[in-house]
Amino acid sequence: MQGSEIPQEIITALIALGGVVLSVAVSAYLSLRQTNVEMRKLRSETVQSYADRLLDERLKVYPSFYSILSSFSKRVWREPISREALSKFHEAINDWNSEHGILLSGRTNIVAYRFYKMTSGLVEKTEDEIRELFFLDQEKAHLVRKISELELSLKSDIGIYIAENSYDDDEFRSYQQLADAVEKRWAAKSSRRR
């Protein structure tokens, strides 16, 4: 035996130890990877469960808000708008928002806040100023357009356009944009059939 040689038993033990260390490392890596996959899956399931519950709550309360908006929007064109009517409309929006505003998405919350600020400014006007302002069709159209933006945002929150038409709901800011998208889709389908 030479002095620089390592005994066979040590080499065998080092090889066995190396195998054990490699086995433990591979096992730890695979275990960590599986844990990460399970954590992502659990996180995804939690987010989905939360989204489902949020959607359920929105479906319960959004129709009443939409009804407030839609009814007033139609009223704008049918009859003169009084300060009292604007005040009641503004109060109904405020009451709904106080009770259910927490359910609004970030985007819808911004649209609703801007709309609320606009109607706050309107109810501060005198009866004569309101009558004069809404004598103009252009001002009526502006108010109706702002109501429509909020209606569309509510619909987007509950996935109306995604569920019905496979549209990316973030693309619609007005009913005109929605109509244009529908016409574009129909035209594309018609050209494929030919």
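Output needed for the range 1-108: three equivalent-ellipsoid semi-axes, defined as square roots of 5 times the C-alpha gyration tensor eigenvalues, in descending order, whole Å.
75, 11, 9
Using the structure shown, list the pairs from K88/K146; K88/K117; K60/K125; K60/K117 with a Cα-Cα distance above 23 Å, or answer none.
Those over the limit are K60/K125; K60/K117.
Computed from the coordinates by the stated procedures, all read-outs in this text should not be read as laboratory data. As the structure is a computational prediction, the values presented were derived from the model and not from experiment.
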